Amino acid sequence: MATRVIIVRHGQSNYNAQKLIQGRNDESILTEKGRQDAQIVGNSLSVLPIDVMYCSPLQRAKTTAEIIHSCFTSPPNLYPTNQLMEVDLPLWEKQSKKDVSQKFATDYRCWKEKPHEFKMVISTNEGQKEHFPVLSLYQQAQEFWQEILPKHQGQTILIVAHNGINRCLLMTAIGMNPDLYHSIQQSNCCINILNFTGNWGEPVQLESLNQTSHLGIPIPPPRSDNNHLRLLLIRHGETQWNKESRFQGIRDIPLNENGKKQGQKAADFLQKVPLDFGISSPMLRPKETAEIILQYHGDIKLDLQPQLQEICHGLWEGKLESEIEAEFPGLLTQWKESPETVQMPEGENLQQVWDRAIACWNQLVEKYGNSKDYQTGIVVAHDAINKVILCYLLGLKPANFWNIKQGNGGVSVIDYPQGIEGKPVLQAINLTSHLGSGVLDQTAAGAL
């Protein structure tokens with residue numbers, strides 16, 4: 001039985017509002033907005049069966065946790081732990097980001113561009129010492145998982161902590177390297193969900209990243225005012241074969257009625273988001289989903305990209321798992337455990353899918369990221385296509401394919417704040433709350 005972990009960032013603090021660097025300074029407290037948002041996230045989570053809560057002892061996180069805790073009819077035990085403390089930036093705390101970027105220009109650039117190499121030289125009783133904030137935090141996150149997971153197998157754990165440590169918890173869980181520390185976003189009072197299949201080192205699925213719709217924010221805003229490009233990566237709505245858990249691949253199966261409803265809910269969800277372009281796989285299910293979404297967006301002509309069509313499952317297509325196992329003994333288990341090693345009978349392997357999907361994605365980024373004006377567009381595709389794109393953006397490999405979940409009608413948000421030359425920022429992954437399922441993805445398990 002999987003262990004579900006829900007990770008929440010604390011509410012807005014007075015330091016957040018003033019754009020001051022907090023680190024482990026404990027003078028920062030929640031604003032009134034921060035307290036209100038904590039109440040909202042508590043109400044959203046109170047319908048779920050939470051077995052245990054952990055939080056940072058720093059008061060902005062601890063107060064958020066206590067407000068959430070009070071929303072439960074039968075509150076779980078709440079344990080503050082130093083393992084959830086925020087990143088330690090002793091030389092920068094209590095200063096504005098603008099001042100730090102000017103006073104420590106070289107170090108600040110390293111912090112932003114090469115966070116795994118960033119260091120501070122601090123004074124201790126033993127003399128001068130080199131301190132690597134991100135690497136230390138990354139190790140802290142690993143140690144937290146190693147200690148906590150064995151205690152709560154099969155349970156639901158709620159964690160309330162900070163921007164930096166939350167990033168490292170997510171990154172260490174799915175296998176991201178610390179150099180991508182700034183590549184995932186954590187908004188105040190956001191919700192993230194991880195599903196662990198076992199103890200530390202066993203497979204982990206990132207179900208969602210940085211949900212904010214419970215706060216009245218459908219999708220997180222760009223991190224900076226000069227954002228160059230935003231891509232909304234969307235999985236098509238449900239088909240009858242999804243519902244039956246029948247492998248589709250390149251069989252051109254249309255949306256079922258529920259899939260059309262999911263497409264409409266995604267359209268309503270994104271209705272007020274200004275769109276400049278629309279991209280889709282040419283297959284019926286994503287094409288129809290994209291057309292439903294674009295009904296609110298003027299005369300955008302849908303651009304069909306053949307490289308985005310679903311993985312070809314070859315002789316598996318049209319079959320249920322039981323039928324595949326009977327005909328190809330052991331291969332389905334191999335696909336689930338080591339997907340990068342499987343050659344689909346008379347179909348594709350994952351590397352082939354990776355190569356064509358990533359080539360297409362990079363072409364789209366170059367095409368629309370070169371514009372002088374801020375551009376936002378949708379890219380509607382499939383489970384396997386979306387997973388390999390997200391793995392690529394997260395610095396993962398085909399072997400990490402199952403670390404990412406993509407629900408029917410789910411929306412992921414990718415920004416390029418520095419244009420095509422800079423690293424992308426994953427603002428959100430697999431948002432599905434607009435489908436009426438609350439914070440959990442309850443779309444059909446489905447096959448690919």
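The values are calculated or read from the model by the stated rules, or taken from the named source; none is laboratory data. None of the values given here were measured: they were computed from a predicted structure. Cβ sites come from the backbone with ideal geometry, for glycine too, and all protein chains shown count toward neighbours.
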| note | Over segment 336-367, the set of residues over 23 Å from the mean Cα position of the chain (by Cα), farther than 17 Å from Tyr392 by Cα and not aliphatic (A, V, I, L, M) is Thr341, Gln343, Pro345, Glu346, Gly347, Glu348, Lys367
| Those helices (runs of 4 or more DSSP H) lying entirely in segment 220-322 with at least 2 residues closer than 26 Å to Gln351 by Cβ | 240-244, 284-293
| note | Result of the Cβ filter at 7 Å on segment 395-422, keeping first residues that are on the phi > 0 side of the Ramachandran plot and not assigned by TED's automatic domain parsing to the domain that holds Glu202 and partners that are aliphatic (A, V, I, L, M) and in a loop (DSSP other than H, G, I, E, B), at least 6 apart or interchain, is Gly395/Met176
| query | Here are some residues: Asn370, Asn403, Asn408, Asn386. Which one is polar (S, T, N, Q), touching a helix residue (DSSP H, G or I) at 6+ places or on another chain (Cβ under 9 Å) and within 26 Å of Trp200 (Cβ to Cβ)? | reply | Asn403
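Conditions (1) within 23 Å of Ile358 (Cβ to Cβ); (2) within 18 Å of the chain's Cα centre (by Cα); (3) modelled with pLDDT of 95 or more, marked per residue:
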residue: Asn199; (1), (2), (3): no, no, no
residue: Glu202; (1), (2), (3): no, no, no
residue: Gln205; (1), (2), (3): yes, yes, yes
residue: Ser213; (1), (2), (3): no, yes, yes
residue: Gly216; (1), (2), (3): no, no, yes
residue: Pro221; (1), (2), (3): no, yes, no
residue: Asn227; (1), (2), (3): yes, no, no
residue: Leu231; (1), (2), (3): yes, yes, yes
residue: Arg235; (1), (2), (3): yes, yes, yes
| query | Within segment 244-271, how many residues are out of contact with any Gly (no Cβ under 7 Å at 6 or more places or on another chain) and surrounded by fewer than 24 Cβ atoms within 10 Å (Cβ to Cβ)? | reply | 15
| field | Residue satisfying all of: in segment 65-110; touching a Pro at 6+ places or on another chain (Cβ under 8 Å) and free of Cβ contacts under 8 Å to residues at least 40 places away in the same chain; surrounded by the most Cβ atoms within 10 Å (Cβ to Cβ) among these | value | His69
| request: For residues that are among the β-branched types (Val, Ile, Thr) and surrounded by fewer than 16 Cβ atoms within 10 Å (Cβ to Cβ), tally how many sit in segment 42-64. | output: 1
| Residue selected from segment 57-94 under the condition among the small types (Gly, Ala, Ser) and outside any loop (DSSP other than H, G, I, E, B), by the criterion nearest to Ser46 (Cα to Cα) | Ala65
| query | So which residues in segment 18-41 are free of Cβ contacts under 8 Å to residues at least 40 places away in the same chain and either surrounded by 22 or more Cβ atoms within 10 Å (Cβ to Cβ) or on the phi > 0 side of the Ramachandran plot (or both)? | reply | Ser28, Leu30
| Any idea which of Lys129, Lys114 is among the charged types (D, E, K, R) and touching a residue at least 12 places away in the same chain (Cβ under 8 Å)? | Lys114
| said: Looking for something touching a helix residue (DSSP H, G or I) at 6+ places or on another chain (Cβ under 8 Å) and under 22 Å from His434 (Cβ atoms) - is there at least one such residue anywhere in segment 297-315? | reply: yes
| task | State whether the residues of segment 311-318 include one that is in contact with a Lys or Arg (Cβ under 9 Å, 6 or more places away or on another chain) and surrounded by 20 or more Cβ atoms within 10 Å (Cβ to Cβ). | result | yes
